[in-house]
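Undergrad: Sharing a structure below in structure tokens format, with a few things to ask.
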Amino acid sequence: MNSDNSFVDLRLNRQEGQNQDSFWPSFTDIMTVIVMIFVIAMVVLLLRNIELVNQLRATMEAERAAVELAKATGEEKESLALKLFAAENDLSMLRMRLMQLEEQRTEQAGTIDTQHRGIVQLQAENESLQLLRDQLNAENFTLTQQLKKRDALIQQQQQNLEDLQQTLLAAQQQLSRFQEEIASAHSALNTLEQNYVAVQEQLARLQQRYSSQSGELLAARVAERESGRQLQTLQSDFQQLKVKYDKLIRPARSPAGRYLVEVRYTKPDNRILVEYQTQQQPGYRSVSQEQLETVLAGLKEQQANGLYIKVIFPENSGLTFTEAWGLTSHLHGSYDYYFQGGGPELVPVLPTPDQGE
């Protein structure tokens, strides 16, 4: 308390009454600063909002481009998957072919040498036959020309003989009519007879030459027919080789457009276990060989585009090469589309372990 028995003034702003005139300008300044801060914050927020809108638009465009890229990538992936599948099939076929070639390499070495010598001999014989054919054609052409000349000469001689015969007949008629001229006619007759004898001798020589040339021509024609038969034989061999070549250049075996059936063989405990699945019914199911063939026969009749039989032999399946080869050959030869259309010889390729065909 104060000395005047009054309480002490504990207020912080004891001069409030004195400074009441300066309060409102200070409050106005504070509010101005707050409004400016609010306006600046609003401007910053608007700019940030515009930037976010632009970023959102760019993000949407990027997402749209990413969707298109993903779609194109998916199509390309499907195409690459199909190519990879075909490449795996080709690799499997090549592996099994290599196994077969390794087993047959020793026994085929001698056969290859023999076939090579036979090919060389056939080529030499073919060249000699072609040369002989050309020579025979040339000789045939020459003989034909000579025969034509001889035919023309013989016809001319025959015409002369007919003329002489007519002349002789006329002379004989003149002899019968003019008996008073017997002496002169007899002399003329002797002359004609001498001419006739000379013509007969010349005609006999021509006929002899004609017979000789006819024999040569006959021999040439026989040789030509023999060459023709040999040429036909070579042409037949060529046609057979061409047919085999046309069969060998068939398109590669592919599951595209075919109904896929996967068959898996194992041999636990010396008993062959058969399992299969189809593209419409995935999941391997155990069946007997007879049941499998019944199913494949039904699918073969239902599927107009044919079946693609994929034979699988897991690693350590327990089957021998001969057993696997026999099973694969039987299934392919009976149900696979590639071996049903009159293509190349039925030589199925056995898949390697853990690989389908």
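Undergrad: For the stretch 5-48, which positions are modelled with pLDDT under 60 and of a type in the set (Phe, Trp, Tyr)?
TA: The answer is Phe7, and nothing else.
Undergrad: Looking only at the stretch 78-96, filter to residues that are exposed (fewer than 13 other Cβ atoms within 10 Å of the Cβ) and among the small types (Gly, Ala, Ser); which one of those is nearest to Ala252 (Cα to Cα)?
TA: Looking at the filtered set, the residue picked out is Ala87.
Undergrad: Being in a helix (DSSP H, G or I), touching a Leu at 6+ places or on another chain (Cβ under 6 Å) and among the hydrophobic types (A, V, I, L, M, F, W, C): is that true of Leu143 here?
TA: Yes, satisfied.
Undergrad: Looking at Glu139, Glu102 in this structure, which one is open to solvent by 80 Å² or more (accessible area, probe 1.4 Å), of a type outside the set (A, V, I, L, M) and touching a residue at least 12 places away in the same chain (Cβ under 8 Å)?
TA: The conditions single out Glu139.
Undergrad: When you check Gln291 against the structure, is it at pLDDT 80 or above and outside any helix (DSSP H, G or I), yes or no?
TA: The answer is no for Gln291.
Undergrad: Quick check, is Leu147 touching a residue at least 60 places away in the same chain (Cβ under 8 Å), surrounded by 13 or more Cβ atoms within 10 Å (Cβ to Cβ) and out of contact with any strand residue (DSSP E or B) (no Cβ under 7 Å at 6 or more places or on another chain)?
TA: Against the criterion (touching a residue at least 60 places away in the same chain (Cβ under 8 Å), surrounded by 13 or more Cβ atoms within 10 Å (Cβ to Cβ) and out of contact with any strand residue (DSSP E or B) (no Cβ under 7 Å at 6 or more places or on another chain)), Leu147 qualifies.
Undergrad: Determine the pairs where a residue that is over 12 Å from Tyr337 (Cβ atoms) and open to solvent by 50 Å² or more (accessible area, probe 1.4 Å), located within the stretch 246-258, has a partner that is at pLDDT below 85 and of a type outside the set (Gly, Ala, Ser) with Cβ atoms under 7 Å apart, the partner being 6 or more residues away or on another chain.
TA: Sorted first by the residue in the stretch 246-258, then by its partner, the pairs are Lys247/Pro344; Leu248/Pro344; Ala252/Asp90.
Undergrad: Let me ask you something else. Going through the stretch 67-121 one residue at a time, which ones are aliphatic (A, V, I, L, M), over 23 Å from the mean Cα position of the chain (by Cα) and modelled with pLDDT of 80 or more?
TA: Of everything in the stretch 67-121, those that are aliphatic (A, V, I, L, M), over 23 Å from the mean Cα position of the chain (by Cα) and modelled with pLDDT of 80 or more turn out to be Val67, Leu69, Ala70, Ala72, Met99, Ile119, Val120.
Undergrad: Could I ask something else about it? Hey, can you tell me all the residues within the stretch 303-318 that are open to solvent by less than 30 Å² (accessible area, probe 1.4 Å) and farther than 15 Å from Ser92 by Cβ?
TA: Answer for the stretch 303-318, where residues must be open to solvent by less than 30 Å² (accessible area, probe 1.4 Å) and farther than 15 Å from Ser92 by Cβ: Gly306, Leu307.
Undergrad: Continuing with this model, one more query. What is the residue count in the stretch 46-89 for residues that are touching a residue at least 24 places away in the same chain (Cβ under 8 Å) and farther than 30 Å from Val311 by Cβ?
TA: Of the residues in the stretch 46-89, 0 are touching a residue at least 24 places away in the same chain (Cβ under 8 Å) and farther than 30 Å from Val311 by Cβ.
The values are calculated or read from the model by the stated rules, or taken from the named source; none is laboratory data. Because the structure is predicted, anything quoted here is derived from the model rather than measured. Note that each Cβ is placed from the backbone with ideal geometry, even for glycine, and that neighbours are counted across all protein chains shown. Side chains are part of the model used for accessible areas, which takes the heavy atoms of the whole protein and leaves out ligands, DNA and RNA. Shrake-Rupley method; radii C 1.70, N 1.55, O 1.52, S 1.80 Å.
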